[in-house]
Every structure is written in structure tokens, then in C-alpha cells.
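Just below is one structure, and these are the notes that go with it.
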Amino acid sequence: LPIVVKAFEMEIIPANRIVAQIGDTLILTCNTTGCASPSFSWRTQMDNPLGGTVNHHRTYSTLTMNPVSIANSHDYLCTVFCGKKEKKEKSIKVELYSFPSDPVIEISPSLAAGEPVTVTCKIPDVYPSEYLEVLLKKEEHVLKEKCFYEDDSANTETKIVTYSFNPTVEDIGKEITCVAKLPIVSMDFEPKERVTSQKLNANFGPQNTIITASPGNLAMEGDPLTLTCVTESNPPPRIVWRKHLADESIEHLIENNVLSIPHARFTDSGLYICEVINLVTNKTEKATVDIVIQDGPKNTMISVIPATAVKEGETVTMKCTSSGNPAPVISWKKKKANGESEKIFQDATLTIQNIRSQDQGLYECEAYNQFGKEEKAVKLLVQVPPQNVTVLVYPSENVKEGENVTITCSTYSNPPSQMVLKKVHQEKEIILPSVNGTFILYNVTKNDTGRYLLDVFNEVGNNVKVIKIAVVGRLEKTDLMIPLIIAFSCVTAVAVPVAAILIYLSRKAKINGSYSLVKALRLKV
């Protein structure tokens, strides 16, 4: 078989043209076939320094540029000799660019709402910068566009785009975006666009602090109430709730932007303070809201001065107090004899001067507002000492031995009177008490002759009557049975006259000179 001899050939890898980024590593390879012992040489078209390292191998040679620099922007020529007669050359064009990293955004000075701020976008180590396009945006709003067409850069450069503006509260948290493009159509590299974003953050406030009340600053007792403190501040502030108390002191409540009261009470009414503190800006702002808890009258009370029981002629003051919101209207009523109530006065304080017995009775205080009413009652007692005391002695103050003597009285007083009967100047004093009763002396003797004291008394006074009894000769037998009227004694009640009761007693009693108490019927007032 005939021997096939390969022709001498060469190639450069990559062929013809290569795009490399400054700072990277680039290796050019010159490869041969059909030559047993080729010799290689490398040079630039303009005989500039190679700017790399050459390594020869048996059938190929490499030129390594590590790192690639602007000095490597040339046409490189590889020459190969195969023996003394055969020579081949090929060139490759090295095109350079630099777009190594994303833009860097700087915002200065430290942001504060209302003060101007400068946004700086830096695009590091760009080459060739005449192709660079920069777009500065706030969200989707374009702040600034800049192209560097007029640049004639000979090396990598850091390009800067700045923009100044006065940020508003609405700007806080929005994104500042810097878009850098290096759209060199003739070069095939990626990326040709780099983007960096940074949130616009400002230290400001607190400002425009307000309190919102839900469902409102007029709430019904028992309903939930939520107070929210709303402010503009960055960084988020410390929020403290306080409340003005009735004694003008201030109560510390919670540290939170929301103050929740699940079941509002009347005592929750008052002035609430939200204090907002920004520890970075060292500023403090306060907001207040006046909360009114509405409800019907409650805790209605009556106080009576000097007391609920007063002496006739004194002055009594009755004061009615009630909590509620709006403040309840107070009125007074008095129960009449038929059980109905009659309105007599409208004010919290009812004063009765020179009080009389007819002023006694049940007084009602009514507290009213649009959310309801509440009533309280007090019983007023007018105390009267025993008055108009009359004493009756039956059959008379002069009686015969063996007769019965009945002593009765009538009086007007309040509270009802008690009474006792005692004989004056008696060695062994005998006292007979009586409450709604009658005093009877049975079968009197001459020893019963004398002066008797009838003491009528109650809590506020007394009245003493003197009775003289004279006992003479004895009764005849024909007079043994006679009717004896026993009067109802000293029965007392307000404005109720005493009725006499007829009692027939037999004079056959064998008890000589004795005292006996006969219990009388009680009168109902």
C-alpha cells in the first residue's frame, strides 16, 4: 500500500478573533499537523511586547496572558517553521473590555426627611467607557440618565453618576436602582448590563403623630375600645401610653402602639397620651385624645344631713349623687298616701327647713340620662316629743275604798311614747311601766291616797303630769257592780288620736291596794 503523507498545516485556537475581559486569564494556542519537529515564534503585529508567557511543546505552542491587561489589545501572529523551507503564519485579534462588577450605590449624608440627599452610583473598572450607559431610578421613576460617548479611555476607569434631591416621607423604603450597560455590539460577552438596587432609608421623625380611637372617642360602657398611635418615624420609635388621672397624676400604661381595652368602664374615661420617641434622631412627639365612656346612671346614692331621723323644726339636707355619662339629671319625688309619687324638686340637693311632721315620708331620687335611669329611696322620720298630753281619771280623783281607779292619757308624738306611773313620797317606790296600755288601781284603800307622777316620754323628749288621788269611806254593797270605763292610755302615733276603750270590770276583786297593768289594743297607724 502506498504511504500517505499529511501536508503541513497550522491553526490558532481560538481562531481569528477573541474577546477577553481585562483581568481574566487568556491562553492562545498555535497548533500544527504534518510536521514532526516544528519551531514556533510569537509576536505582535506592531512588534510590541507580548505581555504574556510562551510555552513550546512538540506540536503546539501557547501564549498565556495572566492577567489580561490593556497592553494585550493587539493582533498576535504565530509563525511556524517545518524544516528550513516550509513556513506558515496565522494571526488572531485580541479585543478587550472590562465590566467586572455590579454598580455600587452610596447615599449621603445619613438621610433625614426634608434634608437634601445625594445618591452616587459607581461603576468600577469600565473599559471602553465610551460605550457606557448609566440609568439612575427611584422605583420606576428615572432620576438621571448618562452616556459617556465622548470618553476616549486608554484603560479601565471607575465611572460615577450622582443625583441630589430632597426626600419625602413617601420616599422612605423605595428602591434606588442603578442600571449600567456596556452595549458593544461587535463584542460577544455577557453580561452587558449590570444592576444594583438599594432601599432609600432615612432617619427621621417622629412627626405627624395622631391617635385613632375605634369605634370612637365616645364609647359605651362594656364595649371594646382600641386606641392606636400612628406616627411617621424611622427607625421605628418607642411608643409609651400614659393617662391623666383625676388627681392630676399620670399613670404609665403600656409600651406598644396599640392600647386595647376589652371592656370599657366609666373609670376608663380621661385624657390619654401617646409619647413617641426616636432614639436615633433623639426626638420625641406626643399626641393626646380625650376618651369619654358613656353609660346610664349608676352607683346612685343618697346622703342625709344630719340624719334620716330629725327633730321637728330642724333643717335636713338630702343630697343625691349618681355616676353616668352624660351626667345624669337629678330629680326628687315623694310618695303620697295613695302610693303614687309626686315630683317635688329637680336638683341634686333637697333642703327642708323648719321640718314638720307632714314632711315625714319616703323620698325618691331619680337619676336620668339618655341611656337609662336609676332610682334610690330614703325614709325620712320627723321626731316629735310628747305633746298635748291629756290625763283622765275614772271615776274621779276622789274615790271610796274598794273602788277601782283607771288612769288614761292621750298624746301626740313620734316615735310613739312610752309611760310610767309612780307614787310620790312612798317608802317602797312602785313604778308601773306601760306601752300602749292602761293603769288600773284595784280595790283602793286610804293608803293609795297621794300624788302620782305620769311620765310620758320618747327618744326626743318627755312630759310629766301630776295626779292627786284621794280615797275616803267604803262603798255600800249595792254599789258593788258598776261599769268602769278604762281609757286607752297614752297611745301615741303620728297624727292618730287615741280612742277610749270601754271595759267592764268586776269590783268583786279581793286584791286590796294592788296595782295592775292591763294590756291595751295596739293601734295601727
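No value in this document is a laboratory result; all are computed from the given coordinates. Keep in mind it's a predicted model, so treat the numbers as computed, not measured. Glycine gets a Cβ as well: all are built from the backbone with ideal geometry, and neighbour counts include every protein chain shown.
Points worth noting:
- Region 172-231 shape via C-alpha gyration tensor axes, a/c threshold 1.5: prolate
- Distance from the C-alpha centroid of region 21-54 to that of region 323-348: 117 Å, rounded to the whole angstrom.
- Chain lengthening between Thr445 and Glu95 when straightened (0.36 nm per residue, less Cα-Cα): 109.9 nm
- Model label sites at Asp359 and Asn166, defined 7 Å from Cα along the beta-carbon direction, differ in position by 7.6 nm.
- A viscosity of 0.890 mPa s and a temperature of 25 °C, combined with the Kirkwood radius over Cα pairs in Stokes-Einstein, give a translational diffusion coefficient for region 377-420 of 188 µm²/s.
- For a paramagnetic label modelled on Ala307 (point 7 Å from Cα along Cα→Cβ), amide N atoms under 19 Å away belong, within region 368-404, to 378-386.
- Where N is the number of residues in region 366-448, Cα Rg divided by 2.2 N^0.38 Å: 1.94
- Across all directions, the average flat footprint of the convex hull enclosing the Cα atoms of region 17-109 is 7.6 nm².
- Additional length obtainable on full extension of the chain from Glu145 to Ala327, 0.36 nm per residue less Cα span: 58.7 nm
- Sites Leu245 and Val460 - FRET efficiency at Förster radius 45 Å, r taken between beta-carbons, to 0.05: 0.45
- Chain lengthening between Thr118 and Ile254 when straightened (0.36 nm per residue, less Cα-Cα): 45.0 nm
- Over region 104-202, the Kirkwood radius and the radius of gyration, each from Cα atoms, give a ratio Rg/Rh of 1.03.
- Å³ per residue enclosed by the Cα convex hull of region 208-294: 83 Å³
- Largest first, the three principal axis extents of the alpha carbons in region 35-162 are 81, 25, 25 Å in whole numbers.
- In region 104-202, a dipole from Cβ-located charges (positive for Lys and Arg, negative for Asp and Glu) runs towards its positive end, and of Thr168, Pro124, Asn155 it is Thr168 whose Cα lies farthest in that direction.
- Shape category assigned to region 295-384 from the gyration tensor of Cα positions, a/c cut at 1.5: prolate
- Placing pseudo-labels 7 Å out from each Cα toward the beta carbon at Leu271 and Asn208 gives an inter-label distance of 2.6 nm.
- For Val104 and Ile261, the FRET efficiency from 1/(1 + (r/R0)^6), where r spans their Cβ atoms and R0 equals 60 Å, is about 0.75.
- Rough spin-label spacing in nm, given labels placed 7 Å along Cα→Cβ, for Asp223 and Ala337: 5.0 nm
- As a rough guide to protection, the peptides 29-40, 148-159 ranked by mean Cβ packing within 10 Å, highest first, stand as 29-40, 148-159.
- Computed E for Lys422/Asp347 - FRET, C-beta separation, R0 56 angstrom, nearest 0.05: 0.65
- Contact order relative to length of region 362-410, as percent, for alpha carbon pairs under 8 angstrom and 6 or more apart: 27 percent
- According to the Kirkwood relation over distinct C-alpha pairs, the hydrodynamic radius of the chain is 36.7 Å.
- Whether region 129-270 is rounded, prolate or oblate, judged on the alpha carbon gyration tensor where a/c under 1.5 counts as rounded: prolate
- Assigned charges on the beta-carbon of Lys, Arg, Asp, Glu; region 106-253 dipole about Cα centre (debye): 160 debye
- Straight-distance candidates among the lysines for linking to Lys333, with alpha-carbon spacing under 21 Å and chain neighbours fewer than 8 residues away dropped: Lys298, Lys319, Lys343, Lys373, Lys376, Lys379.
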